[in-house]
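Only one structure is covered here, and it is reproduced in the block below.
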Amino acid sequence: MSMPGIATPANAALPPEQQSRPLILNSYHPYYSWSDHEMEGIMETFRKKSPRIEPHIEYLDCKFFPEMEHFGYLRDLYRYKLRNVRIPLVIAADNPALQFALKYRSELFPDAPIVFCGINGYSPEMLQGHANITGVAEILDARGTVETMLKLHPGTQEIFVIHDYTSTGLATRRETEVQLQPLAHRVKIRYMEDLTTDQMIAEVRRLPKNARVLALSYSRDREGRVFDHTQIARLLSDSSPVAVYGTHQERLGYGMIG
């Protein structure tokens with residue numbers, strides 16, 4: 001494949017150490033704390049195992065483009081960028097990256113095994129028809145968090161569950177609904193609608209004293225505003241008249257507990 005105005009010789013030379021490089025597909029963007037910490041963990045492991053490995057890293061930017069309609073353009077870009085590189089391994093961080101890797105595997109890296117991490121709502125059906133794939137699912141301990149909440153706040157009568165309406169946010173909601181169903185007889189559980197951040201904060205501020213907040217994955221609101229984990233943790237804890245519990249370590253230490 002060639003692009004207008006760019007010389008792309010088929011035998012373009014690369015330094016030997018760059019002719020074979022693992023590919024890391026990160027679902028989101030740099031300076032998003034979740035992405036940054038994922039990359040720190042991945043790179044730390046590479047450095048410990050083999051400091052000479054230089055992975056090729058791409059960000060899919062799916063917090064700003066959650067509908068993933070740009071994937072076709074990224075496929076074309078990566079086909080060009082990786083045309084002279086052998087990919088021995090693909091690491092897919094979070095759901096959008098895994099979706100991209102499975103959809104375009106045969107075109108971009110047909111022989112590479114795929115290792116995934118951070119997958120919400122995982123089921124074996126996600127990998128149906130594919131081989132040579134393994135990874136780690138992300139399962140939030142919503143039930144354990146709520147049981148702790150009810151133990152520490154025995155007068156709790158309502159839990160307001162906050163999540164966004166991206167694929168990740170909805171996956172964490174479905175997972176939480178299953179986990180909390182056995183507790184439905186003990187406390188009212190109310191899941192937020194698809195709101196703007198201002199509307200969500202207004203809902204939180206109106207909560208009665210016997211309510212608590214459970215924050216799942218929330219990083220993009222109905223208006224397309226994108227929030228870092230620490231930003232939303234501070235916003236919720238500063239706005240809520242009641243205790244706010246979280247299910248991600250990323251958010252603890254900013255006024256939320258869990």
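Residues in the stretch 99-125, backbone N under 18 Å from the label point at PHE65 (7 Å along the Cα-to-beta-carbon vector): list them, ranges by number please.
Taking a point 7 Å out along Cα→Cβ of PHE65, the residues of the stretch 99-125 whose backbone N falls under 18 Å are 99-105, 108.
Between the stretch 185-215 and the stretch 112-174, how far is it from one alpha carbon centroid to the other, in angstrom?
19
Quick one: if you stick a label point 7 Å off each Cα along the C-beta vector at THR134 and LEU89, how many nm between them?
With each label point 7 Å from Cα toward Cβ, the separation is 1.1 nm.
Can you bin every Cα-Cα distance in the stretch 77-186 into 10 Å intervals starting at zero and give me the percent of pairs per bin, rounded to whole numbers?
12, 35, 24, 16, 9, 4, 0
I'd like to compare 118-125, 148-155: which one has the highest average count of other Cβ atoms within 10 Å, and what's the full order after that?
Ranking the peptides 118-125, 148-155 by packing returns 118-125, 148-155.
Between GLU223 and SER20, what is the label-point separation in nm under the 7 Å Cα-to-beta-carbon projection?
Between SER20 and GLU223, the label points sit 5.2 nm apart.
In whole Hz, what ³J(HN,Hα) sequence does the stretch 19-35 give by Karplus (6.51, -1.76, 1.60; θ = phi - 60°), x for Gly and Pro?
7, 9, 9, x, 10, 10, 9, 9, 5, 10, 9, x, 6, 8, 4, 4, 4
Under 23 Å Cα-Cα from LYS209, which lysines qualify once same-chain neighbours fewer than 8 residues away are excluded?
LYS151, LYS188
Assign one of three labels to the chain, namely rounded, prolate or oblate, based on the Cα gyration tensor with a ≥ b ≥ c the square roots of its eigenvalues; rounded applies when a/c is under 1.5, prolate when it is not and a/b is larger than b/c, and oblate otherwise.
The shape class here is prolate.
Taking springs between alpha-carbon atoms closer than 10 angstrom, which of GLU158, GLU175, GLU40 fluctuates most in the Gaussian network model of the chain?
Per the Cα network of the chain with a 10 Å cutoff, GLU40 tops the list.
Percent of accessible area on the chain owned by carbon and sulfur, 1.4 Å probe?
51
Give the accessible surface of the chain per residue, rounded to a whole number of Å², with probe radius 1.4 Å and ligands, DNA and RNA excluded.
51
Once the Cα gyration tensor of the stretch 119-258 is found, what semi-axes does its equivalent ellipsoid get, as square roots of 5 times the eigenvalues, in whole Å, sorted largest first?
26, 18, 13
List the relative contact order of the chain as a percent without decimals, with contacts defined as Cα pairs under 8 Å and 6+ residues apart.
This gives 16 percent for the chain.
From the helices alone, meaning DSSP H stretches of at least four residues, give me the mean residue ellipticity at 222 nm for the chain, per-run term -39500 (n - 2.57), in deg cm²/dmol to the nearest 500.
Mean residue ellipticity at 222 nm (helix-derived): -10500 deg cm²/dmol.
Taking 8 Å as the Cα distance limit and 6 or more residues as the minimum spacing, I'd like the relative contact order of the stretch 27-161 as a percentage.
18
Quick one: compute a quarter of the convex hull surface over the Cα atoms of the stretch 125-165 and quote it in nm².
Reported value for the Cα convex hull: 4.9 nm².
The values are calculated or read from the model by the stated rules, or taken from the named source; none is laboratory data. Everything numeric here is computed off the predicted structure, so don't read it as measured data. Every residue, glycine among them, receives a Cβ derived from its backbone with ideal geometry; neighbour counts consider all protein chains shown. To get the accessible areas, we keep the full protein, side chains included, count just its heavy atoms, and leave off ligands, DNA and RNA. Shrake-Rupley method; radii C 1.70, N 1.55, O 1.52, S 1.80 Å.
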